[in-house]
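One structure is given here, and the rest of the page talks about it.
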Amino acid sequence: MRKLVLDTETSGLNPENDRIIELACVEMVNESPTGEKYHRYYNPGDIIISNEAEQIHGLNNKFLRKFPTFEKSAQEFLDYIEDSQLIIHNASFDLSMINASLERIGKEIILPERAVCTLEMSKKMFPGSKNNLNALCRRFNISLENREKHGALTDSYLLLEVYIELLGGKQEKLNLSQSQLSMTEKFETPNDFEPVLVQLSNEEERLHEELLKKINKPIWN
């Protein structure tokens, strides 16, 4: 199953008046990172990014003016995510920004059911605690060394690690599906295989019979 850990940076907090200025996704398949990523910057158009917002994510209008708007690039984004499940911290905010942009250009919105909100997951697991991304990284001993400011790609990678921890940690998962563990693939008999014939002595057979008699209610009976 393909999942995409997604994060956005925006010019502000109002879906109607603000715009997406950065978006990133990192890919997981069967709960394991693949190394694939999607990362884009966007021009907010006439929307002026405030100094306060720039202090958070480090992005300004001068840097972003060479990029297209999210609305002009929306189809590329939609083609990339396809029908994958989305993993988002505070999914209601990111989806509200994305969907407001999609509605402006007459495209179908992304339904909330497609998203897993790690903020809601963490609130249920750690009620009463801080559950922002920084707090969760500290809780799970995930390094914040490279996070000088908020950035969609950096935060997506951090959220990926947090999500894995919320699922139970980096434990090796047993998946015995036929596609991943087929007897023919894993245990194919080599062409030069020669069976080993073991001959039991009369004494070994007698000892074996005595041992079986001592077992109380063996399951093969």
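The values are calculated or read from the model by the stated rules, or taken from the named source; none is laboratory data. Here the structure is a predicted model, which is why all the values come from computation and not from measurement. Counting neighbours? That spans all protein chains shown, and the Cβs are built from the backbone with ideal geometry, glycine included.
Apart from one condition, residue 56 fits all of (1) farther than 16 Å from residue 26 by Cβ; (2) among the β-branched types (Val, Ile, Thr); (3) modelled with pLDDT of 95 or more; the exception is (3). Does residue 21 fit the bill of being modelled with pLDDT of 95 or more and either in contact with a helix residue (DSSP H, G or I) (Cβ under 7 Å, 6 or more places away or on another chain) or buried (at least 20 other Cβ atoms within 10 Å of the Cβ) (or both)? Yes: the conditions hold for residue 21. Could you tell me whether the stretch 101-112 includes any residue that is surrounded by 15 or more Cβ atoms within 10 Å (Cβ to Cβ), closer than 21 Å to residue 27 by Cα and out of contact with any Asp or Glu (no Cβ under 7 Å at 6 or more places or on another chain)? Yes.
Counting only residues that are modelled with pLDDT under 95 and either more than 19 Å from residue 155 (Cα to Cα) or buried (at least 18 other Cβ atoms within 10 Å of the Cβ) (or both), how many does the stretch 25-48 have? Residues meeting the conditions: 1.
Scan the stretch 117-168 residue by residue and report those that are in contact (Cβ under 8 Å) with a residue 40 or more places away in the chain and farther than 25 Å from residue 54 by Cβ. Listed by number, the residues that qualify are 118, 121, 122, 125, 160, 162, 163, 164, 166, 167. Looking at residue 77, is it more than 13 Å from the chain's Cα centre (by Cα), closer than 21 Å to residue 27 by Cβ, crowded, with 16+ Cβ neighbours inside 10 Å and touching a residue at least 40 places away in the same chain (Cβ under 8 Å)? Yes: the conditions hold for residue 77.
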